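The values are calculated or read from the model by the stated rules, or taken from the named source; none is laboratory data. Please read all numbers here as calculations on a predicted model, not as lab measurements. As a convention, Cβ positions derive from the backbone with ideal geometry for all residues, glycine included, and neighbour counts pool all protein chains shown. The area values use the complete protein model at the heavy-atom level, side chains included, leaving out ligands, DNA and RNA. Shrake-Rupley method; radii C 1.70, N 1.55, O 1.52, S 1.80 Å.
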Amino acid sequence: MEDTELSLNERKVLLALAGKGPRSPEELLEGGGFTEMVEVMSAASWLKSKGLLDIHEKIDTYYIPDTEGKQYIARGELPEFTLLKQFKDAEKKDVAQLNSTGLPGGEVQIALGWMKRNGWVSIHKEGGKSVALLTEAGRKQLEEGPLTGQMRLIKLAADMETGGGAPEADAKKLDAHALSMLLTRKGLLKVRERYVRTLSLTQKGERLAASGIKVGEEITQLTPDILQSGRWKDAEIRPYDIHTFAPATHGGKAHVLRESISRIRDIFLHMGFTEISGDYIESCFWNMDALFIPQDHPARDAQDTFYMKTPATMDIPEELAVTIGKIHENGGDTGSEGWKYRWDGKPARRAILRTHTTVNTIRYLRDHPDPPVKVFSVGKVFRREATDNKHLAEFHQIEGIVMEEGASFRMLIGVIKEFYARMGFPEVRFRPSYFPYTEPSLEVEVRFGDRWMELGGAGIFRPEVTAPFNIKHPVLAWGLGLERLVMKRYGIADIRQLYMGDLEWLRKTPLQ
Ligand code: PHE
């Protein structure tokens, strides 16, 4: 082991212990040039892990005065001594006549008991009465005064109380017999136990210390000041151990869904689109009727759509509703035959959680019927679906339209392909599909590895949709799924992973 592998504090501990045998950390703190105990103990535990030092732990017993012990210290004597003083004038006393002066409560009995155990008096029967006779030992104690063996121990405990109490060893040294007596008495001493550590060098540690260790300035952190002043030339620089344990820190970062949405936003903005948004709560009118979805369409079923309780209904533009209702019934003047049923304003007023973001688009077109229009939105939609590894009742759609003179089917395909290519998925294919609001209608599929995945729909709005808004040019529209795309982007197998708040996974997943 090289001495440079030890920190400054480790070397200080090593030197302080070298050739000296076990010492307490407190001794090292005082004499070893440390300022805080943690420095000593952390250096010691590092030395221990390097096999250079042993840390011994044992439990030590200490005594501090208990409540009664404190009272006797205040009085200056134990009750047996107070009683003993009554024998100053007469060496023989009738036990029944012993008075309780200075001895509250039942202390007379206790005091007499201890006088007997100490051998200060002997009790005899005389004519049916108990009498106490002062002994030689009792006379000696009276001369010596109140500092009996037990009293001196209580005082020792009181004197050392601020330091944690009198150590058992000190107490035994003072008077082992009195200590064992004292401990049988209640309320005089409190017994405390404490872990005590001692440090000593192992043979390896002694050898290293003997081989010569320097304690000079040690640089643990290079600062501009140290570099400029040139101090680094003479100082020792602490080797940096990259294998040392250190707690992990995690900076804040975006969620993978947020990251993906930002990327999508960037792509459409760069392609010249403007972002739009809308509310989660919509009327059926805007979410369905305005898109020429017939009122008996299965998607309107309460099994597929979340209907609101409050508000249960919403206002709709009455005049527009009449026009759109007629188109549903017979095509109005669009040239279409309509759906051929009686359109009803009531279901159109019902409030729902939007089922697709196409509702944002149609509302936008109502306000912006003039070309060119290039808008997109990324937003949450709600469908009454059972949750499993591929489905959630809340998910996001990437929606958009292009409306301009001469907008064509080829342009629609071109925009969608371009978007996916910029997301990193260049292979896209289209299959014929059906939506009530588009003709032609397309299903968009993207290739991930060796699999094609259906990611959304697209098409050109039918005249039944555009006519009520006086839109004169083709509207190319698409609505694409976000979550499945993000799953592929991040290699996730279960869609729920995106909403679990799995911090560990989020932390270790690098953002794209
Ligand atoms: N709104 C359709 C859906 O939710 C997608 C779509 C949008 C289809 C626009 C055609 C045009 O699946």
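So which helices (runs of 4 or more DSSP H) stay within region 104-211 end to end and still have 2 or more residues that are in contact with a Lys or Arg (Cβ under 7 Å, 6 or more places away or on another chain)?
Those helices (runs of 4 or more DSSP H) span 168-182.
Looking at the structure I just gave you, is T310 assigned to a loop (DSSP other than H, G, I, E, B), in contact (Cβ under 8 Å) with a residue 12 or more places away in the chain and either within 16 Å of the ligand (Cβ to nearest atom) or out of contact with any Pro (no Cβ under 6 Å at 6 or more places or on another chain) (or both)? Spell out how you get there, then give the answer.
Values: assigned to a loop (DSSP other than H, G, I, E, B): yes; in contact (Cβ under 8 Å) with a residue 12 or more places away in the chain: no; either within 16 Å of the ligand (Cβ to nearest atom) or out of contact with any Pro (no Cβ under 6 Å at 6 or more places or on another chain) (or both): yes.
No; evaluated as a whole, the condition is false for this residue.
For region 465-477, what are the residues that are in contact with a helix residue (DSSP H, G or I) (Cβ under 9 Å, 6 or more places away or on another chain) and either free of Cβ contacts under 8 Å to residues at least 40 places away in the same chain or more than 14 Å from the ligand (Cβ to nearest atom) (or both)?
Of everything in region 465-477, those that are in contact with a helix residue (DSSP H, G or I) (Cβ under 9 Å, 6 or more places away or on another chain) and either free of Cβ contacts under 8 Å to residues at least 40 places away in the same chain or more than 14 Å from the ligand (Cβ to nearest atom) (or both) turn out to be A467, P468, F469, I471, K472, H473.
I'd like to know if region 351-372 contains one or more residues that are touching a residue at least 40 places away in the same chain (Cβ under 8 Å), buried (at least 18 other Cβ atoms within 10 Å of the Cβ), touching a strand residue (DSSP E or B) at 6+ places or on another chain (Cβ under 9 Å) and over 20 Å from Y437 (Cα atoms).
Yes; the residues of region 351-372 include at least one that is touching a residue at least 40 places away in the same chain (Cβ under 8 Å), buried (at least 18 other Cβ atoms within 10 Å of the Cβ), touching a strand residue (DSSP E or B) at 6+ places or on another chain (Cβ under 9 Å) and over 20 Å from Y437 (Cα atoms).
Out of R410, R447, report the one residue that is part of a strand (DSSP E or B), away from the ligand (no atom under 13 Å from the Cβ) and either in contact (Cβ under 8 Å) with a residue 60 or more places away in the chain or open to solvent by 60 Å² or more (accessible area, probe 1.4 Å) (or both).
Details: R410 fails: part of a strand (DSSP E or B).
Every option except R447 fails the conditions.
Which residue pairs have Cβ atoms closer than 8 Å, lie 6 or more positions apart in sequence or on different chains, and pair a first residue in region 316-342 that is in contact (Cβ under 8 Å) with a residue 24 or more places away in the chain with a second residue that is among the polar types (S, T, N, Q) and open to solvent by less than 50 Å² (accessible area, probe 1.4 Å)?
Note: pairs meeting the criteria are I316/S283; I327/T334; I327/S336; H328/Q295; Y341/Q295.
In this structure, does A393 turn out to be within 15 Å of the ligand (Cβ to nearest atom) and over 24 Å from D279 (Cβ atoms)?
no
Which fully enclosed helices (runs of 4 or more DSSP H) of region 1-68 have 3 or more residues being open to solvent by less than 40 Å² (accessible area, probe 1.4 Å)?
Hits in region 1-68: 8-17, 37-49.
When you look at L482, is it over 22 Å from E399 (Cβ atoms) and touching a His at 6+ places or on another chain (Cβ under 9 Å), yes or no?
It is false that L482 is over 22 Å from E399 (Cβ atoms) and touching a His at 6+ places or on another chain (Cβ under 9 Å).
Scan E399, E405, E329 and give me the residue that is closer than 30 Å to H473 by Cβ, acidic (D, E) and not assigned by TED's automatic domain parsing to the domain that holds G272. Let's see the steps before the verdict.
On the way: E399 fails: not assigned by TED's automatic domain parsing to the domain that holds G272; E405 fails: not assigned by TED's automatic domain parsing to the domain that holds G272.
Answer to the check: E329.
Any residue in region 476-486 that is buried (at least 16 other Cβ atoms within 10 Å of the Cβ), modelled with pLDDT of 95 or more and over 48 Å from the mean Cα position of the chain (by Cα)?
Looking through region 476-486, at least one residue is buried (at least 16 other Cβ atoms within 10 Å of the Cβ), modelled with pLDDT of 95 or more and over 48 Å from the mean Cα position of the chain (by Cα).
Looking at region 450-464, which of the residues that are away from the ligand (no atom under 13 Å from the Cβ) and either outside the structural domain of I261 (by TED's automatic domain parsing) or charged (D, E, K, R) (or both) is surrounded by the most Cβ atoms within 10 Å (Cβ to Cβ)?
Result: E464.
Kindly evaluate R342 against the criterion of being open to solvent by 10 Å² or more (accessible area, probe 1.4 Å), within 13 Å of the ligand (Cβ to nearest atom) and among the basic types (K, R).
no
Scan region 135-142 and tell me whether some residue there is hydroxyl-bearing (S, T, Y) and surrounded by 15 or more Cβ atoms within 10 Å (Cβ to Cβ).
Yes, region 135-142 contains at least one residue that is hydroxyl-bearing (S, T, Y) and surrounded by 15 or more Cβ atoms within 10 Å (Cβ to Cβ).
Could you check region 198-242 and list, in sequence order, the residues that are modelled with pLDDT under 90 and basic (K, R)?
K214, R231, K233, R238
Mind listing whichever residues of region 373-389 are open to solvent by 40 Å² or more (accessible area, probe 1.4 Å) and within 15 Å of the ligand (Cβ to nearest atom)? Break it down into steps so the answer makes sense when it comes.
Let us first name the residues in region 373-389 that are open to solvent by 40 Å² or more (accessible area, probe 1.4 Å), namely 374, 380, 383-389.
If the condition is that a residue be open to solvent by 40 Å² or more (accessible area, probe 1.4 Å) and within 15 Å of the ligand (Cβ to nearest atom), then K374, K380, R383, R384, E385 are the ones that fit.
Which of the residues that make up region 420-444 are open to solvent by 50 Å² or more (accessible area, probe 1.4 Å) and within 9 Å of the ligand (Cβ to nearest atom)?
F435, the sole residue that qualifies.
Look at T184 and say whether it is closer than 21 Å to P79 by Cα and not hydrophobic (A, V, I, L, M, F, W, C).
Against the criterion (closer than 21 Å to P79 by Cα and not hydrophobic (A, V, I, L, M, F, W, C)), T184 qualifies.
Confirm whether G212 is out of contact with any Leu (no Cβ under 6 Å at 6 or more places or on another chain), more than 30 Å from L29 (Cα to Cα) and either open to solvent by less than 70 Å² (accessible area, probe 1.4 Å) or not assigned by TED's automatic domain parsing to the domain that holds V38 (or both). Break it down into steps so the answer makes sense when it comes.
On the way: out of contact with any Leu (no Cβ under 6 Å at 6 or more places or on another chain): yes; more than 30 Å from L29 (Cα to Cα): no; either open to solvent by less than 70 Å² (accessible area, probe 1.4 Å) or not assigned by TED's automatic domain parsing to the domain that holds V38 (or both): yes.
Criteria not met by G212.
Here is a yes/no grid of residues against (1) within 24 Å of G187 (Cα to Cα); (2) surrounded by 13 or more Cβ atoms within 10 Å (Cβ to Cβ); (3) under 59 Å from the mean Cα position of the chain (by Cα); (4) not assigned by TED's automatic domain parsing to the domain that holds D60:
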residue: K88; (1), (2), (3), (4): no, no, no, yes
residue: K92; (1), (2), (3), (4): no, no, no, yes
residue: A111; (1), (2), (3), (4): yes, yes, no, yes
residue: N118; (1), (2), (3), (4): yes, yes, no, yes
residue: V131; (1), (2), (3), (4): no, yes, no, yes
residue: E168; (1), (2), (3), (4): yes, yes, yes, no
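Run down S100, S180 and say which single residue is open to solvent by 40 Å² or more (accessible area, probe 1.4 Å), modelled with pLDDT of 90 or more and of a type in the set (S, T, Y).
Only one candidate qualifies: S180.
Would you be able to say whether some residue in region 488-498 is in contact (Cβ under 8 Å) with a residue 40 or more places away in the chain, open to solvent by less than 10 Å² (accessible area, probe 1.4 Å) and within 10 Å of the ligand (Cβ to nearest atom)?
No: region 488-498 contains no residue that is in contact (Cβ under 8 Å) with a residue 40 or more places away in the chain, open to solvent by less than 10 Å² (accessible area, probe 1.4 Å) and within 10 Å of the ligand (Cβ to nearest atom).
Any idea which residue in region 284-307 is most open to solvent (accessible area, probe 1.4 Å), counting only those that are part of a loop (DSSP other than H, G, I, E, B) and charged (D, E, K, R)?
My answer is D296.
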